[in-house]
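> Take this structure, written in structure tokens, and hold onto it; I'll ask about it next.
The values are calculated or read from the model by the stated rules, or taken from the named source; none is laboratory data. The model shown is predicted, which means the values in this text are computed figures rather than measured ones. FYI the Cβ positions are ideal-geometry reconstructions off the backbone, even for glycines, and counts take in every protein chain you see.
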Amino acid sequence: MNKPLIAITGASSGIGAAFARLFSQAGHPLLLMARRVDQLEALQLPNALCKAVDVTDLEALQSAVAEAETQYGPIDCLINNAGCMLLGQLDKQDPAEWRRMYDVNVLGLLNGVNAVLPAMRERQGGTIMNVSSIAGRKTFPNHAAYCGTKFAVHAMGENLREEVAADSVRVITIAPGAVETELLSHTTDAEIIAGYEAWKESMGSVLVPEDIARAALFAYQQPQHVCIRELVIAATKQE
Ligand code: NDP
């Protein structure tokens, strides 16, 4: 039997690319979205529709979803993974950085939900996985704005889960600890980057993206009546 379609935002690098590889290995067709479509195509995965989608653009998301569903059938799982982390001190940071994080991590995630939820409710089934962070459960130095976005992801996901439970739609929050990806490279304060790198080194090693993808696939593969509401995954040595 054909496996259902999985949609992933931010699949062009890091954790999102690992989700793409693992769900593809499990036999699923994919809708892969990010701004760097060349990097989506470079994954060279079979049955994968690669679309240049900025998650802050609701219409672009909706049209990618419609195109993928015409090709592969209904989306059974959306992984809202696209995100950015611009660490900074609130008295020094350029407010444009806060806005970008809220636009992508919070409003972009809501756009993803908007693009798939009506059809999932109609079909009485489906899964939405929201990638939050351990920074969505506890605070860290220089993370005030980023933590705000990720606490919001936890809150929105849990609220949504309650609202759609009766329609058999699962909402799962994934909260990774430190993972080796491009994420930190977008922070503009060199001192903060150096401090973060030193913190990672103090743990010996952090996670790799595949560690998160395995956990997500495990949660997805549970029977539809089982909802793993939250997955918190961190390096054993992370406090
Ligand atoms: P990366 O920087 O490697 O990946 C981020 C992804 O998000 C890229 O594919 C990027 O694609 C995409 N993205 C960013 N902005 C947009 C946008 N406006 N529209 C569409 N896609 C966008 O970092 P990670 O893999 O680490 O991050 C993935 C998720 O995991 C994020 O939500 C992050 O907050 C979360 N996370 C990461 C942790 C870590 O330690 N790495 C820890 C906890 C959570 P493109 O630039 O091509 O658009």
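> Which condition number does Asn142 fail, the rest of (1) touching a His at 6+ places or on another chain (Cβ under 8 Å); (2) over 21 Å from Leu61 (Cβ atoms) being met?
Exception for Asn142: condition (1).
> For the range 196-210, check the following and say yes or no: at least one residue is under 28 Å from Gln39 (Cα atoms), acidic (Asp, Glu) and surrounded by fewer than 18 Cβ atoms within 10 Å (Cβ to Cβ).
Yes, the range 196-210 has at least one match.
> Anything in the range 179-213 that is of a type in the set (Gly, Ala, Ser) and under 30 Å from Ile75 (Cβ atoms)? List them, or say none.
Across the range 179-213, the qualifying residue is only Ala213.
> Pairs only if they're at least six apart or on different chains, beta carbon under 7 angstrom, first in the range 95-108 and surrounded by fewer than 18 Cβ atoms within 10 Å (Cβ to Cβ) and of a type in the set (Ser, Thr, Tyr), second modelled with pLDDT of 95 or more and part of a helix (DSSP H, G or I); list them, first residue then second.
Correct list of pairs: Tyr102/Thr149.
> In the range 109-155, what residues are charged (D, E, K, R) and either in contact (Cβ under 8 Å) with a residue 12 or more places away in the chain or in a helix (DSSP H, G or I) (or both)?
Result: Arg121, Glu122, Arg123, Arg137, Lys150.
> Would you pick out the residues in the range 197-212 that are of a type in the set (Val, Ile, Thr) and part of a helix (DSSP H, G or I)?
Passing the criteria: only Ile212.
> I've got another one for you. In a helix (DSSP H, G or I), touching a Ser or Thr at 6+ places or on another chain (Cβ under 7 Å) and within 15 Å of the ligand (Cβ to nearest atom) - does that describe any residue in the range 173-196?
Within the range 173-196, one or more residues are in a helix (DSSP H, G or I), touching a Ser or Thr at 6+ places or on another chain (Cβ under 7 Å) and within 15 Å of the ligand (Cβ to nearest atom).
> Turning to a different aspect of this structure: Against the definition (more than 9 Å from the ligand (Cβ to nearest atom) and either without any contact (Cβ under 8 Å) to a residue 60 or more places away in the chain or within 22 Å of Val116 (Cβ to Cβ) (or both)), how does Leu86 come out, yes or no?
no
> Is one or more of the residues making up the range 156-171 in contact (Cβ under 8 Å) with a residue 40 or more places away in the chain, within 16 Å of the ligand (Cβ to nearest atom), under 14 Å from the mean Cα position of the chain (by Cα) and part of a helix (DSSP H, G or I)?
Among the residues of the range 156-171, at least one is in contact (Cβ under 8 Å) with a residue 40 or more places away in the chain, within 16 Å of the ligand (Cβ to nearest atom), under 14 Å from the mean Cα position of the chain (by Cα) and part of a helix (DSSP H, G or I), which makes the answer yes.
> Then there is this: With (1) near the ligand (Cβ under 9 Å from one of its atoms); (2) under 25 Å from Pro4 (Cβ atoms); (3) of a type in the set (A, V, I, L, M); (4) within 16 Å of the chain's Cα centre (by Cα) as the list, and Val113 as the residue in question, which single condition is left unmet?
Just one mismatch for Val113, condition (1).
> If I ask for residues that are part of a helix (DSSP H, G or I) and crowded, with 18+ Cβ neighbours inside 10 Å, which ones from the range 37-54 would you list?
Within the range 37-54, Leu40 is the sole residue that qualifies.
> If we keep just the residues of the range 116-151 that are away from the ligand (no atom under 15 Å from the Cβ) and closer than 20 Å to Ile228 by Cβ, which is surrounded by the fewest Cβ atoms within 10 Å (Cβ to Cβ)?
Gln124
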